[in-house]
Amino acid sequence: MRRVERDSASRNTDTVKRKYDQTGRESGVHGPQWEILHGGYFSDPAVAAPFLESVQQAIVLSGPEVIVDLGGGTGFMLRELLKHRSAAGLHLVNLDISQKQLDMTGEHRIVTVRKSINEFRREDAERAEKRFLFIMRSALHYFGRDGMMPALRHLRAQMKRGEFFVHQTACLTRGREARCLNRLYDCMDSQKWYPTCTYLAACLKKTGWQIRSVIPAPPLRLTSRDLARRYNLGRQHLAEIRTIFRTHSENLADIFRNTPEGFEALLHYRIFTCIAE
């Protein structure tokens, strides 16, 4: 039994390490560059509106005293939330492991905490007896295929029964779409992994979450130019990806296609409103 426990701990440590490695690899686009990356997707109020509306609905339903944005980056979502009455009097926490991202928060009403999601404990944000709401936007894929379930299980362990978790996560309708996108990220030497919507829903249920609603969010257009900047890819690397997908992207134009300038992919999101069981 002790050996199993050590093996499990080792796997969890490896997962956290990969999360740090991936975030460090992307540090070149953190800070001010993040605001304009991918056409400004992560700093566009119109793009964020469906997620923000889901968060506000969760506030009304659950009456939290503390909101923690897990992997909140520059703090954009919490700053948007502060524009609405629903945030009045709430303790807002921006959690991220990138100091360059946290330095962009720029709002004294938002507390910043530098930690990974897997290391985060409820007490890092506020007193444990407070009522919490967790929000997360485009972060779960960082944990990879093997790390997704442990990450969800860890988050559930930090929540009390009846508290809400609203997250916008990339997931695909069909298995072949997910395989195409995951192959792309594998070709870019990334540990990120994207599930099907059905698989993600099953993972949430297995780790102690009741799914209250699932709605679509605006997709993210990923160009080879932006991906090259984000993952430090050279021309040869990009050319190899084009060659690989030349014969493997048929009937998947909504996910990946070659372009005269390189290639582009479309990352589809769903917004899950969950309740801790």
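The values are calculated or read from the model by the stated rules, or taken from the named source; none is laboratory data. Please read all numbers here as calculations on a predicted model, not as lab measurements. All Cβ positions, even for glycine, are placed from backbone atoms using ideal geometry, and neighbour counts span all protein chains on display. Surface areas here come from the heavy atoms of the whole protein model, side chains and all, with no ligands, DNA or RNA. Shrake-Rupley method; radii C 1.70, N 1.55, O 1.52, S 1.80 Å.
Computed extension length for Val60-Asp186: 41.3 nm, one decimal, from 0.36 nm per residue of separation with the Cα-Cα distance subtracted. Apolar share of the accessible surface for the chain: 48 percent from carbon plus sulfur atoms, 1.4 Å probe. In terms of accessible area, using a 1.4 Å probe and ignoring ligands and nucleic acids, Ser54, Ser27 rank largest first as Ser27, Ser54. Placing dummy labels 7 Å off each Cα toward the beta-carbon, the span from Arg176 to Thr198 is 1.5 nm.
Counting only helical runs of four or more DSSP H residues, what would the 222 nm mean residue ellipticity of the chain come to if each run contributes -39,500 (n - 2.57) and the total is spread over all its residues? Working shown, then result.
Details: 9 runs with 109 residues, N = 277.
Counting only the DSSP helices, I get -12000 deg cm²/dmol.
For the range 136-277, the spread of Cα positions along the three principal axes, ordered from largest to smallest, is 51, 27, 21 Å. Computed from Cα atoms, the angle from the helix 144-157 axis to the main principal axis of the chain rounds to 10 degrees.
Length gain on complete extension for the stretch Ile36 to Gln99, per 0.36 nm per residue less the alpha carbon to alpha carbon distance? Could the numbers behind the result be given before it?
On the way: separation 63, 0.36 × 63 = 22.68 nm, distance 1.82 nm.
Full-extension gain reported as 20.9 nm.
Given their separation in residues at 0.36 nm each and the Cα-Cα distance between them, Lys206 and Lys115 gain 30.2 nm when the chain is fully extended.
Counting only DSSP beta bridges whose two residues both lie in the chain, roughly 50 percent are antiparallel. Spin-label model, Ala88 to Ala128: label points 7 Å out along the Cα-to-beta-carbon direction sit 3.3 nm apart. Taking the Cα atoms of the chain, the ratio Rg/Rh between the radius of gyration and the Kirkwood radius comes to 0.96. Taken per residue, the accessible surface of the range 136-240 reaches 45 Å², heavy atoms only and a 1.4 Å probe.
Helix 175-187 axis versus longest C-alpha principal axis of the chain: approximately 80°, rounded to the nearest ten. In a simple Cβ point-charge model (Lys, Arg +1; Asp, Glu -1; nothing else charged), the chain has a dipole of about 660 debye relative to its Cα centre.
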